[in-house]
1. Leaving ligands, DNA and RNA out of it, work out the accessible area of THR98 with a 1.4 Å probe and give it in Å² to the nearest 10.
2. Just reorder ASP36, ASP123 by solvent-accessible area, largest first, 1.4 Å probe, all chains present.
3. I want to check the label-to-label distance for GLU94 and LYS14. Put each point 7 Å from Cα in the C-beta direction and report it in nm to one decimal.
4. Rounded to the nearest 20 debye, what is the charge dipole size of the chain about its Cα centre when +1 sits on each Lys and Arg Cβ and -1 on each Asp and Glu Cβ?
5. Computed from the mean reciprocal separation of all distinct C-alpha pairs, what Kirkwood hydrodynamic radius does segment 1-101 have, in Å?
6. Along the charge dipole of segment 64-153, Cβ charges K/R +1 and D/E -1, which of LEU101, PRO66, SER140 sits furthest on the positive end?
7. So, with a 1.4 angstrom probe, what is the percent of accessible area on the chain that is carbon and sulfur?
8. For the chain, what does -39500 (n - 2.57) per DSSP helix run (n ≥ 4), summed and divided by total residues, give at 222 nm, in deg cm²/dmol to the nearest 500?
Amino acid sequence: MAKSFEIEKKYLVKELPRDYEKYPCRHMAQGYLNTDPVVRIRKSDDEYYLTYKGKGLMVREEYNLPLTQQAFEHMLPKIDGILIEKVRYEIPVEGGYTAELDIFKGRLTPLRLVEVEFKDEKDANEFVPPEWFGEDVTFSNKYHNSVLSQRKE
């Protein structure tokens, strides 16, 4: 089991960066078996995972376990809320970081979020986002995918 601490900042997207479609991307689908604590299943292209996330906003404990396609499909009908579908583009930004641009599909269209992961809190706090980033929503749990999965509309 891969255990780590995730240190990331999350932003709304003011405008899509030029040529974003030329960067590597993954097609993702994820659902939540539980939202407190967060237990998620995810399909990322042809890879499948079960993830547990601890409490927190910018810093959270995270455990990832690989799943088979069969296990993912078995758990899929058990998710609570909607299945989140998105395309994630990996875009290099200043400072050697990677911006993970999520363009949501289906019921969450036209939502677009971007996340950047950091090695420590100091780097996260000193990060200056590019111009195309919008509002910093790191400390708002409203934009956690587990919360988005519970949308009723």
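1. Around 70 Å² of this residue is reachable by solvent.
2. The residues order as ASP36, ASP123, largest area first.
3. Result: 1.3 nm between the two label points.
4. 600
5. After inverting the pairwise mean of 1/r, the radius is 15.1 Å.
6. Of the candidates, PRO66 comes out farthest on the positive side.
7. The C+S portion of the solvent-accessible surface of the chain is 50 percent.
8. After summing the helix terms and dividing by residue count, I get -2500 deg cm²/dmol.
The values are calculated or read from the model by the stated rules, or taken from the named source; none is laboratory data. Computed from a predicted structure; not experimentally measured. Reconstructed Cβ throughout: ideal geometry from the backbone, glycine too, with neighbour counts over all protein chains shown. Note: accessible area is taken over every heavy atom of the protein model, side chains too, but ligands, DNA and RNA are not part of it. Shrake-Rupley method; radii C 1.70, N 1.55, O 1.52, S 1.80 Å.
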